[in-house]
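Bear in mind that the values in this text are calculations on the coordinates, not laboratory data. In this text, all values refer to a predicted model and were calculated from it rather than measured experimentally.
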Amino acid sequence: MKTMSTWTAETIAVPVRRAMTASDVDQFAQLLSPDVHWGPRGAQKPPCRNRDQVLAWYSKGPAADATAQVIELTVAGDQLLVGLLVDFDGRRDGSGAGTVAERWQILTIGPDGVRDIRGYEARNDAAADLLESTPSSRDEPKV
């Protein structure tokens, strides 16, 4: 595992995939910057403003018996576009029937790990934001 001072989008992509696929909060914690933010695009005060708050939010998935499969992971400059297929097993609503939904995230990477996470329900919205925030001096993302 890399030390916290050496992360790039390229070096963190595989560990992010492993942690998210395994729903391993402890493994994911090692990839987060201490001052990571999570929230919707444009949030003046994101709901999560540090590692502990992000981990508390991520812990809700496994605690609710939700699992995620990474269906896409694209590196674009200092960002990752992550596509997740989230399987809710139905225990939350008592129906017993599972619900599967796609969720998308853009993770911005700094030298000490993931420093920003933005969540999306639609890939098109996430890809558009990724393209907007990727300067032309960076490689064009494959989206």
- request: Would you grab the residues whose amide H sits under 5 Å from the one on His37? Only those 5+ places off in sequence or on another chain, please, with H modelled 1.01 Å from N.
  value: Asp116, Ile117
- prompt: Using θ = phi - 60° and the Karplus curve 6.51 cos²θ - 1.76 cosθ + 1.60, what whole-Hz ³J(HN,Hα) does each residue of region 107-114 get, with Gly and Pro shown as x?
  reply: 9, 9, 10, x, x, 9, x, 5
query: Could you give me the ³J(HN,Hα) list for region 122-130, computed from phi with Karplus coefficients 6.51, -1.76, 1.60 and θ = phi - 60°, whole Hz, x at Gly and Pro?
result: 10, 4, 4, 5, 5, 5, 5, 5, 4
